[in-house]
Every structure is written in structure tokens, then in C-alpha cells.
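Q: Have a look at this one before I ask anything.
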Amino acid sequence: MNEPGVHPAPAQLSLKAARKVALAALVGTAMEWFDYYLFGLAAALVFNRLFFTELDPQAAALAAFATFGVGFVARPLGAVLFGSLGDRIGRRPTLILSVVLIGVATALIGMLPDFYAIGIVAPIMLVVLRLVQGVAVGGEWSGAMTMAVEHAPPAHRNRLAALVQLSSPIATLLSSGAFTLVLLLPPESFDAWGWRLPFLAALPLLLVAVFLRVGIEESPEFQRLVATGERVRVPVIELFRRTPGRLAIAILVSLLGVGGFYFMNTFLVNFGANERGLDRQLMVNATLIAAVVQVGITLLSGRLAERFGPGRVTSWGGLATALVAFPVFWLIDSGSPGAAIVAVSLGLAAVILAYGVAGPTLAMLFPTELRYSGVSLGYNLAAVVGGFLPLAAQASLGWSGGGSWGPAILFAIFGLATALGGALARRVTAHD
């Protein structure tokens, strides 16, 4: 069954060409997620101490996570901006612009003086650069996924979309691996300059990403829109006018992939290290091991989607997350290093089962002329809520008396919301 508005062009029928586009989208998106994920790790390990030094430890942690969440507030703005550009001037130039913007912002974070050097200006500039990151990411993943889906033969769409989703574990391995290496430095060297090195690595990675994206051909579906004059003048207005219900479903589908991922890789790292006394190096290493698990689950989700449909697999991932939410924290609470590694891997595996097929689940909700905007806005409106999940989880420790049941409940709620989104997506698209 084709998505609404999709009329396969001859270029879509070449599996070899589609794989090339998916691979280029994968590499560029991995670089952009690498930049974005670095901030999450730094928020848990560095920013609370170096940029919010006048606050007590709990308040500093909350401030660092709030700064982390600010990037998600900016993502809907990026979704509107880049979605409109992608649906008006093309997917390819829009993707090049987004990757340049985040690469430059990330490198500047690595050059930013801390609070000890310039006082209150330091956290202000950190927030500004995080906002720029958020705007850029607002149009990145959705554009890359749209390109991959629109180039792919229908029979291979879920598999190639899952290939692009490998950008997430690759970026996790790169970002966690980078911090694992710099954490080997003496603490004073790590605080002085070591933490900056992963951020500065954004510049050479940016050159590679731009080179690859320049070589991508424009989407055949967008070329058809240009040829037939079907482009929409103001896509975001048409999106709310024609498909408000589908946009709401897209938000539900995306909640777990955004919020759950950062819950595991940001909040849980901080929780294990600062609340339960586990070694911070251990918690970072746990995210590396979980990223390897994530690769296998991502590929599996794509294959399952080919057989059962992406909406059904999305629901399975949401339900699995709700089921493991409390066991994840029981494992962390045990204080065992091995149990902590299992906890991170288990929780992230459940999240990724849903996230691995988020691309085709979202893409099939919107017609071609609104697809970039629809996928971007749905995904990034969910990010406004999901991005603050680490902050909400940290705050829940207060009203749960430091117990882990507060964060566990929040994690389960996000899983159930996405399970509902997957079920609704199946029902809506079954009538297209």
C-alpha cells in the first residue's frame, strides 16, 4: 500500500540507487546526531560543574538538564523553517544547510569559555548555541528520512528507512566513545580542555557530511512535484488545515523515540553516577554497549516492519518500554555494575524497537507535498515534550523521596503514548 500522495517515479525502482541515497543520509545524520548527543553527555558530566558553578549540586543538575531541554524547544522552529524549505526548494539543499548550521554551533560550544572565565555570559552563550543546535536538528532527521523513503522502492522502504536509523547508535558510539577517551585524562585536564575535544571534532566531520550530501540527487517525488506544479505555497498552514489529526498521531509516534532515548542516555547516566554512586565511566561505557545492541534492534525492527507493518512494530516497542520501565530501575538500584549495563541495554532496546520504524510510520501519514513539513513538525513537537523528560525525571526524584519509581512511571507513560500512536497510525493509513 502506497502512502497518500506517493506516485512512484522510475528512479524509485532502482534499489542500488536507493541504497546509495540511504547510506549518504545515514552518514550525514550520524554526524548531526553526534553533535547533538555530545551536549546530552556534557550536560550530565560537565556543564553542571563548569557553567552553573554557583548553584548547589541538585540545582546545577537541574539547570544543566534545562539547558539541554532548551534545544528541543527550538526544534519546532527548525521544523517549520526547514520543512517549508524542503517542501518548497527541495530536500537536498535543505539537508546541506541543516548540517552546516549544527556543525558550526557544536564547534563553537567547544571553544566557549566557562563560568570561571567570563561569568554569567558563559551559560547564556551555552543556551544560545544549544538553541542553534535545536533549530538545525529540527529539519535534519526528517529530511534525511524523507529522502530515503522517497527514493526507495515500496517493497524495501521499511528496510532502507531502518538503515538511516542506524545513525543514532553510530552517533552514540562516537559521542560516548569520545567522552570515554577524554575521561581517561586527569580530572583537572578533563575540566580544563579535555571535554572540548569531542565538540571540536565537529569541524572535520562537517566537511565529510557536506561532501556526501552534495553528491545526493534530489528526491524523485519532489522532482515530480516541481514538474506538475503541485508544490504548496505555505506548507505549515496547509498541514494544520488538511491533516491536523495525522499531525497529532505523528507526535504520539515520536514521543518515545525522542524522550526515551535521552532518558536512557542522559538522565540514567546522571542517575546512576550521581544518585546511586555508580562510577560515571561505567555509566558512559554502558551507553556504548547499549549502542551495539541498538544496531541489532534497529535492523530487526526494519525487517519486522516489512512483514507486520511499521505501525504495529511501533506499538510493540511502546508496550515493551512500559513493561521494562520498573525493571530498568530495579537493576540500577541494585548497585551492581553488570546490572547497570543490562539496565541501559534493556531500556534502550525497547525504545529502539519503536524508534527504528518511526521514519516510515511518520512518512506514510502525509502526502508528498506536505511530507517534509509533516514529518519534521510531528517529530519535533514531540521533542518539545520528550526533550524535557530528563529534567522531569530529575525533578520527580524530589516528590518520590529519591526513589526510582517516579522516573519509572514517566518512562512507562511515554511508552504507552507511542504504543497508542502506532495503533492509530495503522488505523488511519489502512483507509488510504
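The values are calculated or read from the model by the stated rules, or taken from the named source; none is laboratory data. As the structure is a computational prediction, the values presented were derived from the model and not from experiment. Using ideal geometry, Cβ is built from the backbone for each residue, glycine included, and neighbour counts are taken over all protein chains shown.
Q: Restricting attention to the stretch 224-241, which residues are assigned to a helix (DSSP H, G or I) and surrounded by 16 or more Cβ atoms within 10 Å (Cβ to Cβ)?
A: R224, L225, P235, V236, E238, L239
Q: F271: touching a Pro at 6+ places or on another chain (Cβ under 9 Å) and either at pLDDT 85 or above or of a type in the set (D, E, K, R) (or both), yes or no?
A: yes
Q: Can you confirm whether the stretch 88-100 contains a residue that is within 18 Å of A144 (Cβ to Cβ), assigned to a loop (DSSP other than H, G, I, E, B), of a type outside the set (F, W, Y) and out of contact with any helix residue (DSSP H, G or I) (no Cβ under 6 Å at 6 or more places or on another chain)?
A: yes
Q: Does I120 count as under 28 Å from M147 (Cβ atoms) and surrounded by fewer than 22 Cβ atoms within 10 Å (Cβ to Cβ)?
A: Answer is no for this residue.
Q: Across the stretch 275-294, which residue is farthest from G260 (Cα to Cα) among those that are in a helix (DSSP H, G or I) and among the small types (G, A, S)?
A: From the stretch 275-294, those in a helix (DSSP H, G or I) are 275, 280-294; that's our starting set.
Keeping just the survivors that are among the small types (G, A, S) gives 286, 290-291.
Numbers: A286: 16, A290: 13, A291: 14 Å.
The qualifying residue farthest from G260 (Cα to Cα) is A286.
Q: The conditions are (1) β-branched (V, I, T); (2) more than 18 Å from V258 (Cβ to Cβ); (3) touching a residue at least 60 places away in the same chain (Cβ under 8 Å), and T418 fails exactly one of them. Which is it?
A: Answer for T418: the failing condition is (2).
Results for (1) assigned to a helix (DSSP H, G or I); (2) surrounded by fewer than 21 Cβ atoms within 10 Å (Cβ to Cβ); (3) out of contact with any His (no Cβ under 9 Å at 6 or more places or on another chain); (4) of a type outside the set (S, T, N, Q), shown as yes or no for each residue.
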| residue | (1), (2), (3), (4) |
| --- | --- |
| V164 | yes, no, yes, yes |
| L185 | no, yes, yes, yes |
| P204 | yes, yes, yes, yes |
| A209 | yes, no, yes, yes |
| E217 | no, yes, no, yes |
| F222 | yes, no, yes, yes |
| G245 | yes, yes, yes, yes |
| A248 | yes, yes, yes, yes |
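Q: Test R49 against the criterion of being touching an Asp or Glu at 6+ places or on another chain (Cβ under 8 Å) and over 30 Å from A17 (Cβ atoms), and give yes or no.
A: It is true that R49 is touching an Asp or Glu at 6+ places or on another chain (Cβ under 8 Å) and over 30 Å from A17 (Cβ atoms).
Q: Pick out the one residue from G338, G347, G406 that is without any contact (Cβ under 8 Å) to a residue 12 or more places away in the chain, assigned to a helix (DSSP H, G or I), under 25 Å from L282 (Cβ atoms) and not aliphatic (A, V, I, L, M).
A: G338
Q: Out of the stretch 213-232, which residues are free of Cβ contacts under 8 Å to residues at least 60 places away in the same chain and not aliphatic (A, V, I, L, M)?
A: Across the stretch 213-232, the qualifying residues are T228, G229.
Q: Another question, if that's okay. Kindly evaluate I89 against the criterion of being modelled with pLDDT of 85 or more, out of contact with any Cys (no Cβ under 9 Å at 6 or more places or on another chain), among the hydrophobic types (A, V, I, L, M, F, W, C) and crowded, with 17+ Cβ neighbours inside 10 Å.
A: It is false that I89 is modelled with pLDDT of 85 or more, out of contact with any Cys (no Cβ under 9 Å at 6 or more places or on another chain), among the hydrophobic types (A, V, I, L, M, F, W, C) and crowded, with 17+ Cβ neighbours inside 10 Å.
Q: Right, something else. I need the full set of residues from the stretch 192-233 which are among the β-branched types (V, I, T), modelled with pLDDT under 85 and either under 20 Å from W141 (Cβ atoms) or in contact with a Phe, Trp or Tyr (Cβ under 9 Å, 6 or more places away or on another chain) (or both), in order please.
A: Once the filter is applied, which keeps residues that are among the β-branched types (V, I, T), modelled with pLDDT under 85 and either under 20 Å from W141 (Cβ atoms) or in contact with a Phe, Trp or Tyr (Cβ under 9 Å, 6 or more places away or on another chain) (or both), the stretch 192-233 yields V214, I216.
Q: Across the stretch 326-362, what is the total count of residues that are surrounded by fewer than 19 Cβ atoms within 10 Å (Cβ to Cβ) and of a type in the set (S, T, N, Q)?
A: The qualifying residues number 2.
Q: So, N265, is that one in a helix (DSSP H, G or I) and either hydrophobic (A, V, I, L, M, F, W, C) or surrounded by fewer than 24 Cβ atoms within 10 Å (Cβ to Cβ) (or both) or not?
A: On the way: in a helix (DSSP H, G or I): yes; either hydrophobic (A, V, I, L, M, F, W, C) or surrounded by fewer than 24 Cβ atoms within 10 Å (Cβ to Cβ) (or both): no.
Answer is no for this residue.
Q: While we're on this one: Out of all the residues in the stretch 268-313, which are surrounded by 19 or more Cβ atoms within 10 Å (Cβ to Cβ) and of a type in the set (G, A, S)?
A: G272, A273, A286, A290, A291, S301, G302, A305, G309, G311 - these are the residues of the stretch 268-313 that are surrounded by 19 or more Cβ atoms within 10 Å (Cβ to Cβ) and of a type in the set (G, A, S).
Q: Is one or more of the residues making up the stretch 193-204 within 18 Å of G83 (Cα to Cα) and in contact with a Gly (Cβ under 7 Å, 6 or more places away or on another chain)?
A: No, there is no match, as no residue in the stretch 193-204 is within 18 Å of G83 (Cα to Cα) and in contact with a Gly (Cβ under 7 Å, 6 or more places away or on another chain).
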